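Comments concern the structure below.
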Amino acid sequence: MNTKAFIYFDEFGNSHLDTESKKGTFSHFIYTAFVTDGKDWEKAKDNREELSKKYRQGSPLKSSKLNIDNRLAIISKIKEVPFAIFSLVIDKRKIDNKNLEDKTVFYKFFQRLFLTQFVEKYESFEIYFDKLGGQEFQNSLRNYISNRVFSPTLFNPDRKYVIADDKCEEPLIQLADLFSGSVGKIYCTSHK
């Protein structure tokens, strides 16, 4: 992409690695990115708003609130706007690294792994992650990404990482949520 990329992330699942005995723990953890080119950004925003009105009476497009028919109809309609989807699917049952049992380490490790490909692919971008955890955790995550993955430089000043609420601050995160939930329904044994 020659223009700025707008990249929206959301996750499906949780960081708990004890998938057998802990109730509500998903077998997989999924990060999904919805990417649109700057020239299509306004169109993507309008499309999301239209879909929200049609399928959720103006409420957020939350994957967990959609039945399969509405999910497929929304995905079909989203195709009217050029976009790309990237997903990182982690089978937590295969993780045997004790360090990843810590929630903070888990999220930082997989965000760094996933974000690196976008830093290499796009020169100019804005990355938006759905809010997760408390303010202290969010600040720690921002600092980690800035120190370990990327920060604006003299040669790449137009790079931004934001943790935002998908309901009021950055509604396009809802499209990443929709796709992340859809991928989760394929991989997670608890959601098949």
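The values are calculated or read from the model by the stated rules, or taken from the named source; none is laboratory data. Computed from a prediction, not measured in an experiment: that's the story for all the values here. Note: ideal-geometry Cβ built from the backbone for every residue, glycine included; neighbour counts use all protein chains shown. Ligands, DNA and RNA are excluded from the accessible area calculation, which covers all protein heavy atoms including side chains. Shrake-Rupley method; radii C 1.70, N 1.55, O 1.52, S 1.80 Å.
So here's what we get for this one:
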item: Most mobile of GLU169, GLU126, GLU11 in a GNM of the chain (Cα contacts under 10 Å); result: GLU169
item: ASP96 accessible area, assembled protein chains, probe 1.4 Å, Å²; result: 140 Å²
item: Counting DSSP beta bridges with both ends in the chain, the antiparallel % (nearest 5); result: 60 percent
item: Choice from PHE29, PHE125, PHE150 with maximal GNM fluctuation in the chain (Cα, 10 Å cutoff); result: PHE150
item: Cα centroid separation - region 86-125 against region 153-192, whole Å; result: 13 Å
item: Dipole of region 119-192, positive end: most advanced residue of VAL183, ALA164, ASN147 [Cβ charges, Cα centre]; result: VAL183
item: Ellipsoid semi-axes in whole angstrom, largest first, where each is sqrt(5λ) of the Cα gyration tensor of region 20-81; result: 27, 16, 10
item: Neighbour-limited loop hits for trypsin sites (Lys or Arg not before Pro), region 1-109 (at most 16 other Cβ within 10 Å; DSSP other than H, G, I, E, B); result: LYS22, LYS23, LYS62, LYS79
item: Helix-only [θ]222 nm of the chain, DSSP H runs n ≥ 4, -39500 (n - 2.57) each, per residue, nearest 500; result: -13000 deg cm²/dmol
item: Square roots of five times the Cα gyration tensor eigenvalues for region 91-161, Å; result: 24, 15, 10
item: Semi-axis lengths, Å, region 45-151, gyration tensor of Cα atoms, sqrt of 5 times eigenvalues; result: 30, 18, 15
item: Reciprocal of mean inverse Cα separation for the chain (Kirkwood radius, Å); result: 17.3 Å
item: Proportion of all alpha-carbon pairs of region 147-192 beyond 13 Å (%); result: 70 percent
item: Karplus 3J(HN,Hα) series, Hz, for region 118-134 with 6.51 cos²θ - 1.76 cosθ + 1.60 (x for Gly, Pro); result: 6, 5, 6, 7, 10, 7, 10, 7, 10, 10, 10, 9, 5, 4, 8, x, x
item: Of LYS4/LYS54; LYS103/LYS131; LYS54/LYS160, pairs whose Cα-Cα distance is over 21 Å; result: LYS4/LYS54; LYS54/LYS160
